[in-house]
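Structure first, then comments.
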Amino acid sequence: MELQKYEQEHLDILRPLLPECTVLLKKNGDFPLGKPGKIALYGNGVRKTVKGGTGSGEVNSRFFEIVEDGFQKAGFEIVSRDWLDAYDEIYDKAQAGFTEEIRRRAQEHHTHPVIEGMGAVMPEPEYDLPLNVKGETAIYVLARISGEGNDREAREGDIFLTESERRTILELKRQYRRFMLVLNVGGPVDLSPVMEVENILILSQLGVQTGSALADLVLGKTYPSGKLTTTWTKWKDYPDFASFGEQDDTRYQEGIYVGYRYFDSVDKEVLFPFGYGVSYTNFEVRFKGLKLDKMTAEIGAEVVNIGDFCGKEVVQLYVSVPEGKLDQPYQTLASWKKTEELKPGEKQTVELSFLLTDLASYDEEQAAWILEQGEYTLRMGNSSRDTEVCGVISVPETLVIKSVKNCFGKPDFTDWKPERKRKDRVGKKIQSLEADISSVDIVKVVYEHKDEPMPEMEGFSDEELISLNVGAFVAGGGVTGIIGNASMSVAGAAGETAKVGEIPVIVMADGPAGLRLSQKCFRDENGIHSLGSTMPETMQNLLTEDERAYMNSMIPQPGEDSEIFEQYATAIPIGTAIAQSWNPLLAERCGDIVGSEMERFGIHLWLAPALNIHRSIRCGRNYEYFSEDPLISGVFAAALTKGVQSHPGCGVTIKHFAANNQETNRYNNNSIVSERALREIYLKGFEICVRLAQPKALMTSYNLLNGKHTSEHRELLEDVLRCEFEFDGIVMTDWVTSSDILSADAKYPAPEAYKVALAGNDLFMPGSQQEIDNLTAALKNGHITREELIKNAIRICRMAVELAGASV
Ligand code: BGC
């Protein structure tokens, strides 16, 4: 297999970065091995290695290295091939049974098997295979996959281990002198039954070189230096007071107590806390002083590598905000710094800093962000549970930092708060400083978003204006109309804007684990087409013979003169893995790789990064998202944005705005969230990303927010996003918002076209005749004016000119 130069270059950049995304949960010193030798590899992840999840987040790279290949290439002798072959047989049989099961369920639900099967994950099959291979060293690779359209389940083979997995893992631990459990997963599994295993590594899902990255780590050519961005604990200990996976209405009753904000506040033991991860080596972190410059706190720390291997450490700073009018979680992540590589004995001083005003909380009563008077306790350490108080900053009086307006209504519940909260333990000798609040300027948001006028727009006809508001589509549908594959300019890209006059077309392709394009395509007199079917094999298996034959007959075939070309994109680590590096520069490098491939293939907008919060570990798309923490989410989204947008003509599309935290009934679920929780947890990351990196575009979500579709939510898009966050890019819908995708018994109606356009959602994607017709009717009957359409069209035109180069 010959790679093109850019592919090799991108793999070479990524390879040394990958171990930073892995998290070592437990170690006893038996690993790394130092040199290759005989090794027994077990588990579903050895050959069915997962490089990333399913759905629009899947990337069609030229190849990818499974774990078996990685070890083979690294010079290991794999002695467990009989076990792996026997497992394959069991897996294939289970797969055939699962396809039948999907067909049966589709019949029961009166739907098509392809719809029923979207994102459906085959339960991991049980097995009883002999473990009779002698040897010193064994590794069990446990894999899980999930994706768009379905949530994960608290059942064996998903969040829980199967009986076979438990038995095999524990037996291997007893049988081998050295044993490691490796987790090739996109989110937590309940590890409680196997906690006696002494070496556990979250490999995560790292894209093309997932297998080689593991071999490098096991050999000690590299070392893990990632930290958890979401709490891993027993399933039964995740809070169950908040609803998840409800069909129609999902009440976010936990309010702001999401992830570690909950666990730390109620002082619940967890298996592996937020921010946790060890390394082959050990570190000592010493506090080196606190300074306060007006409202900016600066904290110094010295990190010493006191072990025998090279490594990198992440110093984390959490702040306990005083409770006053508002209740507060025990602590909130305020800042962090990752060291350079430290050799044994080497040390580095790092500076952490944060703005006190960034810790303001949202007071619904005053419709304002306030910083309450009192003592702010600073805690430094290397996980949310391993910190020491390093200083106290007092704020002499309560300040209104930003005065806004309430935009989201009131839910039918009051947010949960803990009855008893973990107490502070602040030593007497702690340095204490007082903030100089005279430097704080109160911001009063003015809700008027003005776009520069564009007189040329007056010359456009109504039809042209409407076309600019709706993505390009092929009349009558056809294969290009398939969700996530609707572009006519680039095969396999998700969609594009309409060609109107001289306005250039904006082409968009999915992510977030790289660029999702067709691998091979051809050009003929009718345009560009993917070569062969773009439907994944598992989906094709759900078609009847006739449907398959029909689909195949619809696939354009290259003629003799057709030019065939390749579009291989690099699969980068999944969003969660990137964030686990706690290294924003790593994310920027990943963005840079994506940006350069966008330039190569003619893509203007990447439909990523995705930064919804890990509200529950059950969300099927969590692997695309970064964290349970909004600061981590915002900073990593911004870093990827910077990487992509450093390429001329390339922009990102942050998604899915907002409160899109489950896949169950994703088109029609109503997230019911308090204004405070929404602003502090679910919108915060988007705000941070906009402030730090000004992404070119944003995608609204399918769900409703407190009874209103986000795509129709004018307060969300115009007031909060544009006026408060000062977002300057374009807003588009998620793919297909029409009633066609709703089931007959949907509780809420689909978004209405004119309301979407009036809300400041500039673009319907991927576009359809229905939206053109609806907007045309709305213009005729006065639901929308020409001026309103012009307002959206101006934004599209500006972005088209900026990204796609030509002038109007
Ligand atoms: C997903 C988006 C994606 C779009 C285009 C939708 O189903 O929710 O994340 O960007 O499809 O493929």
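Bear in mind that the values in this text are calculations on the coordinates, not laboratory data. Because the structure is predicted, anything quoted here is derived from the model rather than measured. Don't worry about glycine lacking a Cβ; one is built from the backbone with ideal geometry, like all the others, and counts go over all protein chains shown.
For the reader, a short list of remarks on this structure follows.
- Straight-line cross-link partners of LYS780 among the lysines, defined as a Cα under 26 Å from its Cα and at least 8 positions apart when in the same chain: LYS450, LYS499, LYS708, LYS755, LYS791.
- For region 521-611: span of alpha carbons on each principal axis (Å, largest first): 49, 33, 16
- Separation between Cα centres of region 25-72 and region 183-230, rounded to whole Å: 9
- Within region 5-226, percent of DSSP bridges classed antiparallel, to nearest 5: 15
- With neighbours defined as other Cβ atoms within 10 Å of a residue's Cβ, the residues ASP69, ASP510 order from fewest to most as ASP69, ASP510.
- Between HIS112 and SER439, the modelled label-to-label distance comes to 6.0 nm, taking each label 7 Å out from Cα in the direction of the beta carbon.
- Dipole size of region 520-566 about its Cα centre, with +1 on Lys/Arg Cβ and -1 on Asp/Glu Cβ: approximately 160 debye, rounded to the nearest 20.
- Qualifying GluC sites (Glu not before Pro) in region 151-205, DSSP loop, other Cβ atoms within 10 Å at most 16: GLU153, GLU196, GLU198
- Counting only residues at least eight positions apart within a chain, or on another chain, the lysines with an alpha carbon under 28 Å from that of LYS38 are LYS26, LYS27, LYS48, LYS51, LYS73, LYS134, LYS173, LYS221.
- Overall form of region 520-566: prolate. Here a/c, set by the Cα gyration tensor axes a ≥ b ≥ c, is 1.5 or more, and a/b is the larger of a/b and b/c.
- Within the shell of other residues whose beta carbon sits under 11 angstrom from the beta carbon of ASP462, the net charge comes to 0, with Lys and Arg scored +1 and Asp and Glu -1.
- DSSP finds beta bridges in the chain, and of those with both partners inside it, around 60 percent are antiparallel.
- Estimated dipole of region 90-227 in Debye, rounded to 20 [Cβ of Lys and Arg +1, of Asp and Glu -1, Cα centre]: 540
- Loop sites in region 539-590: GluC sites (Glu not before Pro), DSSP, at most 11 other Cβ within 10 Å: GLU560
- Local charge for ARG795 was computed over the other residues whose Cβ lies under 13 Å away, with Lys and Arg +1 and Asp and Glu -1, and equals -2.
- Dipole magnitude (debye, nearest 20) for region 269-369, charges at Cβ of Lys, Arg, Asp, Glu: 400
- Farthest toward positive dipole pole in region 520-566 [+1 Lys/Arg, -1 Asp/Glu at C-beta], among ILE555, CYS521, PRO536: PRO536
- Full-extension gain in nm, ARG155 to PHE241, via 0.36 nm per residue minus C-alpha separation: 29.0 nm
- 9 Å beta-carbon shell around LYS410, net charge (K/R +1, D/E -1): -3
- Its DSSP H runs of at least 4 residues, each contributing -39,500 (n - 2.57), put the calculated 222 nm mean residue ellipticity of the chain at -7000 deg cm²/dmol, to the nearest 500.
- FRET efficiency estimate (nearest 0.05) - Cβ-Cβ, GLU365 to ASP451, R0 25 angstrom: 0.15
- Centre-to-centre separation between the Cα atoms of region 628-666 and those of region 745-808: 23 Å.
- For a straight C-alpha distance cut-off of 17 angstrom, the aspartates and glutamates reachable from LYS347 (same-chain residues fewer than eight places away being disregarded) are GLU284, GLU302, ASP308, GLU313.
- Annotation: for a label point projected 7 angstrom from Cα along Cα→Cβ of GLN373, residues of region 429-470 with backbone N closer than 14 Å are 435, 437.
- For region 668-808, the residue among VAL673, LEU763, CYS797 whose Cα projects farthest onto the positive side of the dipole built from Cβ charges is CYS797.
- Pairs from the list LYS288/LYS312; LYS325/LYS405; LYS291/LYS337; LYS234/LYS268; LYS93/LYS234 with a Cα-Cα gap above 21 Å: LYS93/LYS234.
- Gyration tensor (alpha-carbon) shape descriptor, the chain, a/c threshold 1.5: oblate
- Each of GLU388, GLU680 has some number of other Cβ atoms within 10 Å of its Cβ, and from fewest to most they run GLU388, GLU680.
- Among ALA637, SER489, GLY43 the positive-end extreme of the charge dipole of the chain (Cβ point charges): GLY43
- The fewest-to-most ranking of VAL400, VAL218, VAL395 by surrounding Cβ atoms within 10 Å reads VAL400, VAL395, VAL218.
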